[in-house]
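Student: Below is a structure I'd like to ask you about.
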Amino acid sequence: MDQADKLRNIIKANQVAPQPTARVITVTSGKGGVGKSNVAINLAVQFKRHGKRVIIFDADFGLANIEVMFGAIPKHSLADLLYQGMSIRDIITWGPMEIGFISGGSGIIGMSNLNRDNLNYLVSNLSELDSIADVIIIDTGAGISDAVLEFLVASGEILLVTTPEPTSITDSYSLLKSLNNHPRFENAGIPVKVITNMIETSEEGKQLFNKLNTVVKRYLSLSIELLGVIPLDNSIGKSIMQQTPVTIMDPDCKSSKAFKDIAETLMDIPHESPVYRKGMRGFFEMFVKRK
């Protein structure tokens, strides 16, 4: 064995095995009532069908949309991890198809008041999700609260849900404007992906996106792109009443097919993309940086 071979062996022996990194996708909206949580849940189902381990992090404190739509009531929330010493695995509730979800509860509100030691403890625990899940979908609250912006600033991949309702369009722009002006927003050239929901025709969905994009291009420095169009579908209302995701209740309806297309488009993003590099640890380390 020559000297070069010995050197290579020493380097190989001292290399640390790379840690698993989950893909973190944040779903948000400028206002309530646009189907944001419905999008989060049904995309989770589609990722699961492609063999991905999926966990939804319900950051919409004060509302219980995820648990209601899943028909599964969580026994614990993030607050139990922060204040009761529970582990991250203890607070995961398992819904249909073994899709996990974590209720933020009042714990998310309390994050802004945590000291650095507590935040580091939180990050250490939440980073375990990188080894539990392949995809983590964060369902934020609706609107432009400080809590929502903190999640968006920390995220490398944002899905913005909007509808043809005029207030939805204006509120979507207001959210993008607030994000663009946030002092800690790192615009790494990754566009915000827009999903137009409750759309009569595909063309209407594209026109809606173009209206929003025209204003964004004119006044903001960030970029957006159309990810997909979800049609107006009576099956979604029925699925909510049955507390079953529409992609499970009726996988062949038109909205389910749209969710399938959107999930497949997301999975087509090259694995070397920066969105895969953060993981849950990188996501929540952004909260630590505030202190």
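Quick note: the coordinates plus some simple rules give every number you see, no bench work behind them. Just so we're clear, the structure is a prediction, and the values are computed from it rather than from any experiment. Every residue, glycine as well, gets a Cβ built from its backbone with ideal geometry; the counts of neighbours run over all protein chains shown.
Student: How would S87, S235 line up from fewest to most surrounding beta-carbon atoms within 10 angstrom?
Tutor: On the way: S87 11, S235 16.
Neighbour counts put them in this order, fewest first: S87, S235.
Student: Also, quick follow-up: Would you work out the relative contact order for region 190-257, in percent, from Cα pairs under 8 angstrom that are 6 or more residues apart?
Tutor: Details: 83 pairs, mean separation 23.3, N = 68.
It rounds to 34 percent for region 190-257.
Student: Label region 20-288 by shape, choosing from rounded, prolate and oblate, from the square roots a ≥ b ≥ c of the eigenvalues of the Cα gyration tensor; if a/c is under 1.5 it is rounded, and otherwise prolate applies when a/b is larger than b/c, oblate when it is not. Before the final figure, lay out each step's value.
Tutor: Details: a/c = 1.60, a/b = 1.19, b/c = 1.35.
Taking the square roots of the gyration eigenvalues as a ≥ b ≥ c, region 20-288 is oblate.
Student: Find the relative contact order for region 121-202 and round it to a whole percent, using C-alpha pairs within less than 8 Å whose residues are 6+ positions apart. Before the final figure, lay out each step's value.
Tutor: Details: 56 pairs, mean separation 27.9, N = 82.
Result for region 121-202 is 34 percent.
Student: Between Q242 and E165, what is the label-point separation in nm under the 7 Å Cα-to-beta-carbon projection?
Tutor: For E165 paired with Q242, the spin-label model returns 2.5 nm.
Student: Just to be sure I understand the model, the point goes 7 Å from the Cα along the line to the Cβ. What's the resulting K217 to W94 distance in nm?
Tutor: 4.9
Student: Using amide H atoms built 1.01 Å from N in the peptide plane, name the residues 5+ places from I199, or on other chains, whose amide H lies under 5 Å from its own.
Tutor: For I199, whose amide H was placed from the backbone, the distant partners under 5 Å are I230, L232.
Student: Also, I was wondering about something else. Taking 0.36 nm per residue of separation and subtracting the Cα-Cα distance, what length does fully extending H50 through T265 add?
Tutor: 76.2 nm
Student: Tell me, T163, T247 in order of fewest to most beta-carbon neighbours within 10 Å?
Tutor: Arranged by neighbour count, lowest to highest, T163, T247 become T163, T247.
Student: Still on this structure, please answer the following. Dipole of region 167-287, Cα-centred, from +1 at each Lys and Arg C-beta and -1 at each Asp and Glu C-beta, to the nearest 20 debye? Let's see the in-between values first.
Tutor: Numbers: 14 positive and 14 negative charges, 90 e Å.
It works out to roughly 440 debye.
Student: I need to check one value: relative contact order of region 20-288, counting alpha carbon pairs closer than 8 Å and at least 6 residues apart, in percent. Kindly include the intermediate steps, with their values, before the conclusion.
Tutor: Values: 506 pairs, mean separation 77.0, N = 269.
Taking the mean separation of contacting Cα pairs over the length of region 20-288, I get 29 percent.
Student: For S223, what residues show an amide H to amide H distance below 5 Å, using hydrogens built from the backbone and excluding near sequence neighbours?
Tutor: Residues meeting the criterion, in which the H sits 1.01 Å from N, are V192.
Student: Give me the distance in nm between label points sitting 7 Å out from Cα along the Cα-to-Cβ direction at A72 and E128, one decimal.
Tutor: 1.8
Student: Among K75/K257; K177/K260; K31/K206; K48/K260, which pairs are too far apart, with a Cα-Cα distance over 23 Å?
Tutor: Over 23 Å apart, Cα to Cα: K75/K257; K177/K260.
Student: Also, I was wondering about something else. When the Karplus curve 6.51 cos²θ - 1.76 cosθ + 1.60 is applied with θ = phi - 60°, which whole-Hz ³J(HN,Hα) does each residue of region 87-101 get, with x for Gly and Pro?
Tutor: After applying 6.51 cos²θ - 1.76 cosθ + 1.60, I find 8, 4, 5, 5, 9, 7, 9, 9, x, x, 6, 6, 8, x, 9 Hz.
Student: Taking 0.36 nm per intervening residue step and subtracting the Cα-Cα distance, what contour gain separates Q84 from N210 on full extension?
Tutor: 40.6 nm
Student: In what order do D146, D171, D134, D60 fall by count of nearby beta-carbon atoms within 10 Å, going from fewest to most?
Tutor: Fewest-to-most Cβ neighbours within 10 Å comes out as D146, D134, D171, D60.
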